[in-house]
Amino acid sequence: MQEAELQLIDGRLVLSRETAGLWLGLGYVRAALEKSGFKVGQPVLPGGAPQDFTDSLTEIFNNNNSGNILFIGCHSVSLPMVLEALLRTSPCRKARKVCLGGPGTLRLSRLLMERFTFLDAVVEGAGEDAAVEIGGFWKGGPFPRSRNLVIRVGEKIIGKAMPADSAAWFDLWPYCEMPLNGSHVAPVAWSRGCDCNCLHCVVSAQNGRLQRKDLDSVMGDIHRLMTDHGIRHFDMIDDYLGGTRTAVEQFCERAEKIDITWNCSLRTEVIDESLAARMFSAGCRHVYIGLESACQSIRSALGKPSPLAEALRAVEHCRKFMSVTCSFIWGFPFESLPDFVRTLALIRELRADGVDTASSPFVPFPGSPLTAEYAGKLIYDPDLAPLALGLFDKLPEIAQGLVRKHPDIFTAFGLLPDENFHRKVRLYEEFQQLN
Ligand code: SF4
């Protein structure tokens, strides 16, 4: 076997590696690199409890010597642990180049390069083209042209990290061979991006405007996973499936010809009862719908495109045929206590009707318009951040130290200034115990 030139590391914090598999985004980067002739090592998926994540990564950086280039994908929540592990191991990495990417770097590339001098490059957003170009550059090829890349050359930091070009990205790359870890479910993407720009959301900043992959190519991915891995259930991980009613119908037309089941996220304005019925007959068994709030004024303030009444009708249509999860976000400064109580009441009603719900305080991920609006005004409370992030009982010491030192980078560990926040937390905890 040829020696690898590059090593991909999936730097997400996930609750279970058995079900997580390889991050699909990193899988596409791998496919792009391999198609361009790079020898890529088997992706590394660090495991372990969130509290031990830095130690797991440190061990990997110390002991995995595959390839002279490390591409590390990370999420905002794992970013301090990844950086700490890189910092600890920087003397032993010597000639190895390090490129950081994934949603965790969004809007942060220059700051990261300035403050963490052991980083050689940072990619923001879709990373397939940038990874191929920077890999080529470090092998002696031409200077990278990707707009979403910041690179260190000697003492200089070059690049502005603009949004990635909306190239025909993943049509170009064959489906990646992901480690599925024996899972019976595989992630598949048909589209990415969104034409809305809701205040609380990072999808547009991360993935740009809605782009769809050629449907033949998606069905090819599905057939390959069926044939090669015996997979029959697919998690359609599009930011929302297809984007339009016509697109969802086209997908159904293809899916109903094969024996599969699938889940997806949906935009509520495309759904009526007949489409919900058609989705079910095409194999859809679960939909995920972001309601965010029970108050029309909050939904409007966030920029949610459909009226609340229409969104609730969509939930009702879907519920007749398949299971539904509705998600809610709270803790906005413009959300009054009565607004919040109405949201809790709607959650209770939906649960009583058999709808699953997910709810959490707003997390100021870099890239959302709301995070930008409150830059410099976020509150850092190590006891409350875990509530929003959901992965920690308590924020690890390492994260706390870095967050205190670089609050403008680790915004995801902060909270928006909301005078009612502590009261909302108490009400929320009481509500969770009773319901
Ligand atoms: S919340 Fe949904 S509709 Fe709004 S920007 Fe994000 S993906 Fe688009």
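The values are calculated or read from the model by the stated rules, or taken from the named source; none is laboratory data. Here the structure is a predicted model, which means the values were calculated and not measured. Please note: Cβ atoms are built from the backbone with ideal geometry, for glycine as well, and neighbour counts cover all protein chains shown. Note: accessible area is taken over every heavy atom of the protein model, side chains too, but ligands, DNA and RNA are not part of it. Shrake-Rupley method; radii C 1.70, N 1.55, O 1.52, S 1.80 Å.
Worth a mention:
- Qualifying trypsin sites (Lys or Arg not before Pro) in segment 384-435, where qualification requires a DSSP coil assignment and no more than 16 other C-beta atoms within 10 Å, comprise K394.
- Cleavage-rule hits, trypsin sites (Lys or Arg not before Pro), segment 47-124, DSSP coil, Cβ neighbours within 10 Å at most 14: K94
- Quarter of Cα convex hull surface for the chain, i.e. mean projection, nm²: 20.2
- Distance between modelled label sites at E373 and L391, nm, 7 Å Cα→Cβ extension: 2.7
- Per residue, the chain exposes 43 Å² of solvent-accessible protein surface, assessed with a 1.4 angstrom probe and all protein chains in place.
- With the charge dipole of segment 6-158 set up from +1 on Lys and Arg Cβ and -1 on Asp and Glu Cβ about the Cα centre, the Cα lying farthest toward the positive end among the listed residues G37, G140, V82 is that of G140.
- With the simple model of a label 7 Å out from the Cα in the direction of the Cβ, N62 to R245 spans 6.0 nm.
- Divide the volume of the convex hull around the Cα atoms of segment 184-434 by the residue count and you get 138 Å³ per residue.
- Protein accessible area in segment 42-81, 1.4 Å probe - carbon and sulfur %: 42
- Rg/Rg_ref, segment 318-395, where Rg_ref = 2.2 N^0.38 Å and atoms are Cα: 1.31
- Point-charge dipole on Cβ atoms (K/R +1, D/E -1) for the chain, about Cα centre, debye to 20: 760
- Note on D353 and R423: the extension gain reaches 22.5 nm, defined as 0.36 nm multiplied by sequence separation minus the Cα-Cα distance.
- Computed over protein heavy atoms with a 1.4 Å probe, the carbon and sulfur contribution to the accessible area of segment 295-435 reaches 53%.
- For the chain, share of DSSP beta bridges that run antiparallel, in % to the nearest 5: 20
- Exposed loop sites, defined as GluC sites (Glu not before Pro) outside DSSP H, G, I, E and B with at most 12 other Cβ atoms within 10 Å, are absent from the longest region of the chain, namely 156-418.
- Helical runs (DSSP H, four residues minimum) scored at -39500 (n - 2.57) apiece and divided by the length of the chain put the mean residue ellipticity at 222 nm at -11500 deg cm²/dmol.
- Over 29 Å between alpha carbons, listed pairs K160/K424; K160/K377; K39/K213; K304/K377: K160/K424
- Each Lys and Arg contributes +1 and each Asp and Glu -1, all at the Cβ; summed about the Cα centre of segment 184-434, the dipole is approximately 60 debye.
- Cβ-based net charge around K405, under 14 Å, with every Lys or Arg adding one and every Asp or Glu removing one: -2
- Fully extending the segment from E310 to L434, taken as 0.36 nm per residue of separation minus the present Cα-Cα distance, adds 41.7 nm.
- The convex hull of the Cα atoms of segment 6-158, projected and averaged over all directions, covers 8.2 nm².
- Taking the DSSP bridge list for segment 6-158 and keeping only pairs wholly inside it, about 30 percent are antiparallel.
- GNM top mover of A282, A95, A189 - the chain, alpha-carbon springs below 10 Å: A95
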